[in-house]
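Let me begin by presenting the structure, written as structure tokens, before commenting on it.
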Amino acid sequence: MSFELPPLPYELDALAPHISKETLEFHYGKHHQTYVTNLNNLVEGTDDASKSLEEIILSSDGGLFNNAAQVWNHTFYWNSLSPSGGGAPTGEIADKIGSAFGSYEDFVTEFSQAAITQFGSGWAWLIEDGSGLSILKTANADLPMKHSAKAILTIDVWEHAYYVDYRNARPKYVESVIENLINWDFANSNLA
Ligand code: MN
């Protein structure tokens, strides 16, 4: 059985104007699809073909890890965004953010800084481990499950995530995503 590109959880134009249809056509339709295609080519005829995506991520490195992790990361990123997202959190995640960061505003500062200061390609994450919520930034395809942590939310800070809409202005992209698109229902569903 081969891996498939999961359906996008909204229409291609649903995140505009914060993330354009053109960005999603390339980012989802081309980049995410290419990671899926590469992964299938790499596992074809090997013992990895019968493993789950998570099993491959945890047991691999190099090109196989990069493509498998990027398939997982992008699916998680699409779900971290919502056309009706953004603003202050609600539900259990709101309490946990208060405990971990002091306030929603302090969380925004720390999450933004991680996303803005990740040098080169990578990801900013809200994660949960044994000590509660915290922020993690990772390079390239690296992701929380390789660090024994659970992902709660992510922002993709590879240039392909924002260059069409924001050119080099990564901070504007990060601010716009946090203000307008963060999917707090998804974050709540990821809590332990
Ligand atoms: Mn990406």
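What is the one condition in (1) away from the ligand (no atom under 16 Å from the Cβ); (2) closer than 21 Å to ALA169 by Cα that ASP47 does not satisfy?
Answer for ASP47: the failing condition is (2).
Being over 20 Å from GLU179 (Cα atoms) and without any contact (Cβ under 8 Å) to a residue 60 or more places away in the chain: is that true of GLU22 here?
Taking the combined requirement at face value, the residue does not satisfy it.
Please give the number of the condition HIS31 fails out of (1) at pLDDT 95 or above; (2) closer than 28 Å to GLY63 by Cβ; (3) over 17 Å from the mean Cα position of the chain (by Cα).
Failed condition: (3).
Which numbered condition in (1) within 16 Å of the ligand (Cβ to nearest atom); (2) closer than 25 Å to ALA68 by Cα; (3) touching a strand residue (DSSP E or B) at 6+ places or on another chain (Cβ under 9 Å); (4) not charged (D, E, K, R) is the only one that ILE182 fails?
(1)
Within the stretch 159-172, how many residues turn out to be in contact (Cβ under 8 Å) with a residue 40 or more places away in the chain and within 16 Å of the ligand (Cβ to nearest atom)?
Looking only at that region, the number is 6.
Residue pairs, Cβ under 6 Å, 6 or more apart or interchain, first in the stretch 135-151 and without any contact (Cβ under 8 Å) to a residue 24 or more places away in the chain, second in a loop (DSSP other than H, G, I, E, B) and surrounded by 15 or more Cβ atoms within 10 Å (Cβ to Cβ). List them.
Between residues of the stretch 135-151 that are without any contact (Cβ under 8 Å) to a residue 24 or more places away in the chain and residues that are in a loop (DSSP other than H, G, I, E, B) and surrounded by 15 or more Cβ atoms within 10 Å (Cβ to Cβ), the close pairs are LYS137/GLN118.
Go over the candidates PHE101, PHE111, PHE65 one by one and state the one that is modelled with pLDDT of 95 or more, crowded, with 17+ Cβ neighbours inside 10 Å, farther than 21 Å from ALA161 by Cβ and aromatic (Phe, Trp, Tyr).
The match here is PHE101.
Mind counting the residues in the stretch 121-142 that are touching a helix residue (DSSP H, G or I) at 6+ places or on another chain (Cβ under 9 Å) and over 20 Å from PHE107 (Cβ atoms)?
Count: 4.
For the stretch 28-87, please list each of the helices (runs of 4 or more DSSP H) lying entirely inside it that holds at least 2 residues being touching a strand residue (DSSP E or B) at 6+ places or on another chain (Cβ under 7 Å).
Filter on the stretch 28-87 gives 62-80.
So which of LYS51, LYS137, LYS150 ends up being more than 28 Å from GLU4 (Cβ to Cβ) and basic (Lys, Arg)?
LYS137
Could you please find all residues in the stretch 130-149 being among the hydrophobic types (A, V, I, L, M, F, W, C) and loosely packed, with under 15 Cβ neighbours inside 10 Å?
Once the filter is applied, which keeps residues that are among the hydrophobic types (A, V, I, L, M, F, W, C) and loosely packed, with under 15 Cβ neighbours inside 10 Å, the stretch 130-149 yields only ALA139.
The values are calculated or read from the model by the stated rules, or taken from the named source; none is laboratory data. A quick note: this is a predicted structure, and the numbers were derived from the prediction, not measured. Because the Cβ atoms are built from the backbone with ideal geometry, glycine has one as well, and the counts that use them run over all protein chains shown.
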